[in-house]
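Presented below is the structure to which this report refers.
Here, each number is a calculation from the coordinates, and none is a lab measurement. For clarity, every value in this text was computed on a predicted model and none was experimentally measured. FYI the Cβ positions are ideal-geometry reconstructions off the backbone, even for glycines, and counts take in every protein chain you see.
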Amino acid sequence: MSHYEKNLNKNDANFVPLTPLSFLERAKDIYPNYEALIYENRSYTWSEVYNRCTKFASALEKIGIVEGDTVSVMTFNTPEIFEAHYSVPMTGAVLNTINSRVDAKTVAYILEHSEAKVLIVDRQLHPVIEKALSQIKSKPIIIDIQDNFADQSLLKKIGDKEYEEFLNTGEDNYIWKRPKDEWKAISLSYTSGTTGNPKGVVYHHRGSYLMSTGSAVAWNMPNRLNFLTVVPMFHCNGWGYPWTIPMLNGKTICLRNIDVKKIFELIEKFYLTRIYGNFNCDKKLNLQKIEDKMILEKKIQSDKTSHFEIWKR
């Protein structure tokens, strides 16, 4: 046996399983009072985001969520889905983000196939969810998201629990569960099912950690960037940026729906430095006019004062 194989085993002093959840904990410890997450008139510091996530994790555990369970989320780019990238895996459970544009049959299949124990859902999606729930035998616990900045005429109560009320049933100072093995699953995503039933894709803690650090290098992302969410956070976990941005002490500005004028306003209001998305003309994203696309790209490219960068995939 080599000398390098003696007395050099992994232990708590020299090894810890990699997890992107540690990025939020670090941000809370080093930058507790920095503005972290913004949506309309809602604003949270890193300390507040961390406390909300651990408290929600505690609330999930109280209703029976344990390691290996699936918690599904179907919503828009609002703080709730950002927080779910931490609160759900903090219990040892797996986060399943569902495409908010798919039909009821697809949603029903995903809920059954993933064996979802809980579904966190925006009330605007009630027509699809009600149909989906009618098609499955084992129904998950429903937690509604009541977004006061959405068109209230489109919202309807779905479940008996509401996100903020449910969050407040959790305990403060909850000790979240770090993965004992970095190979443990952190998230589950599904394909759109255009060629058959959706296919599930599992990310583990190690892969999500490395993806986050790799993205920062690949895209030249600086510390304290101002970041606008455009690609839905249900899509490949928003390309992993709900984990990457806290690592860089960045500021995440949430955008519920794609609105070119709104993007202009946010660029100027928050001195945005990064936006991620695909600005092809896509009716589903409300980018219905080619001239809107051209105007936006021209502004981004010509605005030298904001150091704004657009990423396309």
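The table that follows gives values for the structure above.
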| quantity | calculated |
| --- | --- |
| Rounded if a/c under 1.5, otherwise prolate or oblate - segment 1-107, Cα gyration tensor axes | oblate |
| MRE, 222 nm, helices only [DSSP H, n ≥ 4, -39500 (n - 2.57), over the chain, to nearest 500] | -10000 deg cm²/dmol |
| Listed residue pairs exceeding 20 Å between alpha carbons, taken from Lys157/Lys251; Lys28/Lys62; Lys28/Lys117; Lys105/Lys137; Lys28/Lys177; Lys177/Lys199 | Lys157/Lys251; Lys28/Lys62; Lys28/Lys117; Lys177/Lys199 |
| Distance (nanometres) between label positions extended 7 Å along Cα→Cβ at Tyr34 and Asn9 | 3.9 nm |
| Efficiency of FRET from Cβ geometry, Lys157 and Ser192, R₀ 30 Å, rounded to 0.05 | 0.60 |
| Amide proton proximity set for Ile141, modelled H, under 5 Å, gap of 5+ | Val118, Leu119 |
| Interchain or long-range residues, amide H under 5 Å from Ala36's placed H | Tyr44, Thr45, Trp46 |
| Cα centroid of segment 75-134 to Cα centroid of segment 135-173, whole Å | 11 Å |
